[in-house]
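Asker: There's a structure below that I have some questions on.
The values are calculated or read from the model by the stated rules, or taken from the named source; none is laboratory data. Since this is a predicted model, take the numbers as computed values, not measurements. Every residue, glycine among them, receives a Cβ derived from its backbone with ideal geometry; neighbour counts consider all protein chains shown. Ligands, DNA and RNA are stripped out before the accessible areas are found, and what is left, the full protein with its side chains, is counted by its heavy atoms. Shrake-Rupley method; radii C 1.70, N 1.55, O 1.52, S 1.80 Å.
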Amino acid sequence: MLTFQLNLLPQLSSQALYGIFKARCEVFVVEQHCAYPDIDDTDLVCWHLQGFIDNSLACYARIIPPDYHYLGYVAIGRVLTVGDFRGHHYGRDLMQKAIEICQQYYPSQPIFIAAQTYLIHFYQALGFCIQGDCYLEDGIEHVNMILEGKHDA
């Protein structure tokens, strides 16, 4: 069963932080062949959402507060499922949890993602809509997507 843990950076143990950075390096730098500074200052202000199977990190995302994101939206980024855990819908479960957290901490706020284009249908199934044209980021085609905030009726 997938269990979640949400922490700010100072709350993470050195072992947990190592696991996050290792997984991000394996997925974004090694698998996707992108040489870029994955560890950045944004990590200092984010919520770090980890999904575990037993005691192993299975999936991860970071939630960027709206006052830090350049568009003024709350944002979800660095979304990944560790290779050994793919094919079990943990990415969907992770995104649903991340959306729930965004809506809890930032009610009515639209949620921004910079989605890799091969995942457009995955994010559309979660309610995200394309905003603008595709662009290259670190050699991979992306598109901005927004999930509108829930408003009280």
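Asker: Which value, in Å², gives the accessible area per residue of the chain when a 1.4 Å probe is used on the protein heavy atoms?
Answerer: Dividing the accessible area of the chain by its residue count gives 56 Å².
Asker: Any chance you could list the semi-axes, whole Å, largest first, of the equivalent ellipsoid that the Cα gyration tensor gives for the chain, using √(5λ)? List each step's numbers first, then the result.
Answerer: Details: eigenvalues 97, 71, 52 Å².
They are 22, 19, 16 Å, listed largest first.
Asker: Ordered by packing density, taken as the mean number of other Cβ atoms within 10 Å over each peptide's residues, highest first, how do 84-92, 48-56, 10-18 rank?
Answerer: Ranking the peptides 84-92, 48-56, 10-18 by packing returns 48-56, 84-92, 10-18.
Asker: Can you give the Kirkwood hydrodynamic radius of the stretch 33-90 from its Cα pairs, in Å with one decimal?
Answerer: Values: mean 1/r = 0.0783 Å⁻¹.
It is 12.8 Å.
Asker: For the chain, what is the calculated [θ] at 222 nm in deg cm²/dmol (nearest 500), taking -39500 (n - 2.57) for each run of four or more DSSP H residues and dividing by its residue count? Kindly include the intermediate steps, with their values, before the conclusion.
Answerer: Working: 3 runs with 33 residues, N = 153.
The per-residue figure over the chain is -6500 deg cm²/dmol.
Asker: While we're looking at this one, here's another question. Provide the percentage of antiparallel DSSP beta bridges, counting only those with both residues in the stretch 1-135; round to the nearest 5.
Answerer: On the way: 19 of 21 bridges.
Among the beta bridges of the stretch 1-135, antiparallel pairing accounts for roughly 90 percent.
Asker: Taking the Cα centre of the chain as the origin, how large is its charge dipole in debye, to the nearest 20, when only Lys and Arg (+1) and Asp and Glu (-1) carry charge on their Cβ atoms?
Answerer: Charge dipole of the chain: 340 debye, to the nearest 20.
Asker: Take the solvent-accessible surface of the protein heavy atoms, probe 1.4 Å, and return the percent of it on the stretch 31-98 that carbon and sulfur atoms account for.
Answerer: 50 percent
Asker: Grab the beta carbon distance between residue 138 and residue 1, set R0 = 30 Å, and tell me the FRET efficiency rounded to 0.05.
Answerer: It comes to 0.30.
Asker: Provide the per-residue ³J(HN,Hα) series for the stretch 89-101, in order, calculated from phi with Karplus coefficients 6.51, -1.76, 1.60 and θ = phi - 60°, each as a whole number of Hz, with x at glycine and proline positions.
Answerer: Whole-Hz 3J(HN,Hα) from phi for the stretch 89-101: 6, 5, x, 5, 4, 4, 5, 4, 5, 4, 4, 4, 5.
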